[in-house]
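The values are calculated or read from the model by the stated rules, or taken from the named source; none is laboratory data. Keep in mind that this is a model prediction, so the values were computed, not measured. FYI the Cβ positions are ideal-geometry reconstructions off the backbone, even for glycines, and counts take in every protein chain you see. Just so you know, the surface numbers come from the protein's heavy atoms only, side chains and all, with ligands and any DNA or RNA stripped out. Shrake-Rupley method; radii C 1.70, N 1.55, O 1.52, S 1.80 Å.
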Amino acid sequence: MKPGFWRDRWQNGEIGFHRDDVHPALERFWPAVAGGAATVLVPLCGKTLDMRWLAERGHTVTGVELERRAVEAFFREWGVDPRERERTDGLVELVGAGVHLVPGDFFAFRPDIAPDCFYDRAALVALPESMRPDYLAHLARCVAPGAQGLLIAFEYDPADMDGPPFPVTEAELRAQPWFAVECLDRRDVTAENPQLVDRGARGLREAVYRMTRFDRPRGTG
Ligand SMILES: C[S@@+](CC[C@H](N)C(=O)[O-])C[C@H]1O[C@@H](n2cnc3c(N)ncnc32)[C@H](O)[C@@H]1O
C-alpha cells in the first residue's frame with residue numbers, strides 16, 4: 001500500500017468500510033469475550049460506532065487511528081466535545097465520554113496501563129500480509145497477559161480481489177505465537193458486501209474469533 005493510502009481514503013470520503021450500525025458480531029459475542037473487563041483497546045479504529053456501544057456499556061475505550069479527521073468526526077458525530085491531552089508515549093489523545101482516541105500510528109502507541117480487552121474489526125484485515133505479524137506482535141505487547149479480544153476477519157480467494165480488506169485465514173491466525181485462537185462463528189457475507197462483489201470478491205466469508213493473549217509467546221518455553 002502506498003504512503004498516504006488511508007489519508008486519501010478519508011480525505012476523499014472513500015470509507016466504504018465504515019458501518020452506520022453496530023457490528024452484529026460485537027453485540028452477539030462481546031459478552032463471551034469481555035466478562036468483567038473494564039478497558040478496551042480498539043486498534044485502527046476509524047470512527048466506528050462500535051466504540052460508542054462499548055463506552056455505553058461502561059468500558060473505558062482507547063482507540064488508535066492514523067487519521068485525525070476520523071477521530072474528530074467520531075466525537076463530532078456523537079455530539080461530544082473532547083479535550084486534548086498529551087500522552088507519555090509522545091502522542092496526544094482526544095478524550096470525551098469515556099473514549100480516548102489517539103490520532104497516530106498504532107505502532108508508535110504505548111499504553112501506560114495495558115488494556116484488559118481488545119476489539120479488532122477491519123484492522124488486521126486492513127494490513128497486507130507482510131505487516132500482519134508485526135501488528136499482532138505489537139497488539140500482544142499492548143494488552144495484558146490473559147487479555148481477551150474479539151477479532152473479525154474476512155476470508156475470500158485472494159485471486160478474486162486486491163485488498164484491503166485482505167483475506168486472513170484461520171491457519172494464518174493460528175500460526176502466530178501471541179494469542180490462543182478460537183473461532184466463534186463463520187458465515188457467508190457476500191450478499192451484505194456489494195461493494196466488494198463489484199471489486200471481484202466471490203464467496204466472501206466473515207469469521208469471528210476469540211483471541212486470548214498467552215502469558216508468554218508460544219514456543220519460548
Ligand atoms: C478498514 S479501516 C477500519 C476502521 C474501523 N476499525 C472500522 O471498523 O470502521 C482501517 C483504518 O485503519 C487506519 N490505519 C491504517 N494504518 C494504521 C496505523 N498504522 N495506525 C493507526 N491507524 C491505521 C486507517 O486510517 C483506517 O481508518
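Length gain on complete extension for the stretch residue 14 to residue 205, per 0.36 nm per residue less the alpha carbon to alpha carbon distance?
Extra length available between residue 14 and residue 205 comes to 66.5 nm.
To the nearest 10 Å², what's residue 49's accessible area with a 1.4 Å probe?
For residue 49, solvent-accessible area is about 40 Å².
So with the 1.4 Å probe, I'd like the accessible area per residue for segment 60-162, rounded to whole Å².
42
Filter the trypsin sites (Lys or Arg not before Pro) in segment 20-91 to those in DSSP coil with at most 16 other Cβ atoms within 10 Å of their Cβ, and list the result.
Here the sparse-neighbourhood loop sites are 57, 87.
What distance in nm separates the two pseudo spin-label positions at residue 28 and residue 144, each 7 Å out from Cα along the beta-carbon direction?
2.9
Express the Stokes-Einstein translational diffusion coefficient of segment 66-205 in µm² s⁻¹, to the nearest whole number, given a Kirkwood radius over alpha-carbon pairs, 25 °C and a viscosity of 0.890 mPa s.
Reported coefficient: 144 µm²/s.
Show me the GluC sites (Glu not before Pro) within segment 119-207 that DSSP assigns to loop and that have at most 16 other Cβ atoms within 10 Å of their Cβ.
129, 192
Suppose we keep just the DSSP beta bridges with both residues in segment 67-221; what percent of those would be antiparallel, to 5?
85
For residue 183 and residue 218 in the same chain, what is the full-extension length gain: residue separation times 0.36 nm, less their Cα-Cα distance, in nm?
That pair, residue 183 and residue 218, stretches by 10.7 nm at full extension.
What do you get for GluC sites (Glu not before Pro) in segment 11-95 restricted to DSSP loop and a cutoff of at most 16 other Cβ within 10 Å of the site's Cβ?
Passing both the DSSP loop test and the Cβ count: 14.
222 nm [θ] for the chain, helices only, -39500 (n - 2.57) per DSSP H run of 4+, per residue, to 500?
The per-residue figure over the chain is -7000 deg cm²/dmol.
For segment 32-131, with all protein chains present and a 1.4 Å probe, just round the carbon and sulfur fraction of the accessible area to a whole percent.
Using a 1.4 Å probe with all protein chains present, segment 32-131 comes out at 47 percent carbon and sulfur.
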